[in-house]
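Step one of this worksheet: look at the structure below.
The values are calculated or read from the model by the stated rules, or taken from the named source; none is laboratory data. Bear in mind that the values here come from a model prediction, so they are computed numbers and not experimental data. Note that each Cβ is placed from the backbone with ideal geometry, even for glycine, and that neighbours are counted across all protein chains shown. Heads up: the accessible areas ignore ligands, DNA and RNA and are worked out on the full protein's heavy atoms, side chains in. Shrake-Rupley method; radii C 1.70, N 1.55, O 1.52, S 1.80 Å.
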Amino acid sequence: RPVKEDELLRTVQSSIEQIEAEWNEIVSQQRTLYTLSEHLPQLRGALLNDLLQGKSILPHTLDKKLATYKLQVQRDQPFAMMFMRMEQGFSSYDDYSRSLLEFAITNIAEEIFGEQFYLWQCKDIYDYLVFVITPKADFAASGVYDEQTGRKMLEKLSLQLQDSVVQYLK
């Protein structure tokens, strides 16, 4: 049977509306993912601060947040912690300058530790830079990694970080 013009127009209009709705949903999802990725450092830092302050987070909620924030940490995984504080000579710096220095220190730490370890960092309520350090899976499974070797390597890399901060940031 021949299709009536108004029936064809309704079908086309319905198809257009459906495509527009799907497109808007895709754009909305992309916007949400972009916003999440833009705020990942703050979200990660806030989660670590919550844990440091002993806030109660249900295990399944913590697992979900660790995955959502793309953190390479498991709840039952061994880890090391490193605390850093800028003291001598930094009291005269304004907040903006201090935050730039902290950003630089974090980047230096990522560079030094990044080959073998994951870092998860925040600035705690006492103005310490706090780093949670976990071995990367391939490094942990390499056969050369055990607790004693890991401890020695962390000490070596920590000293290297301290020397680099002094050298590059005076």
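Miscellaneous remarks
- Protein accessible area in the chain, 1.4 Å probe - carbon and sulfur %: 53 percent
- Using θ = phi - 60° and Karplus 6.51 cos²θ - 1.76 cosθ + 1.60, couplings along the stretch 7-21 (whole Hz; Gly, Pro as x): 5, 4, 4, 4, 5, 5, 4, 4, 5, 4, 5, 5, 4, 4, 5
- Calculation over all alpha carbon pairs of the chain in 10 angstrom steps from 0 returns a P(r) of 8, 27, 27, 15, 8, 6, 5, 3, 0 percent.
- Summed over the residues of the chain and divided among them, the accessible surface reaches 74 Å² per residue at a probe radius of 1.4 Å.
- Other-chain or far-sequence residues with amide H under 5 Å of Y118's (modelled H): T134, K136
- Of the residues P41, L161, L8, the one whose Cα sits farthest towards the positive end of the charge dipole of the chain is L161 (charges of +1 on Lys and Arg Cβ, -1 on Asp and Glu Cβ, taken about the Cα centre).
- Calculated from backbone phi, Karplus (6.51, -1.76, 1.60) coupling profile of the stretch 67-77 in Hz, x at Gly/Pro: 6, 4, 7, 6, 8, 8, 10, 10, 4, 9, 7
- Cβ-placed point charges (K, R +1; D, E -1), dipole of the chain about Cα centre in debye, nearest 20: 340 debye
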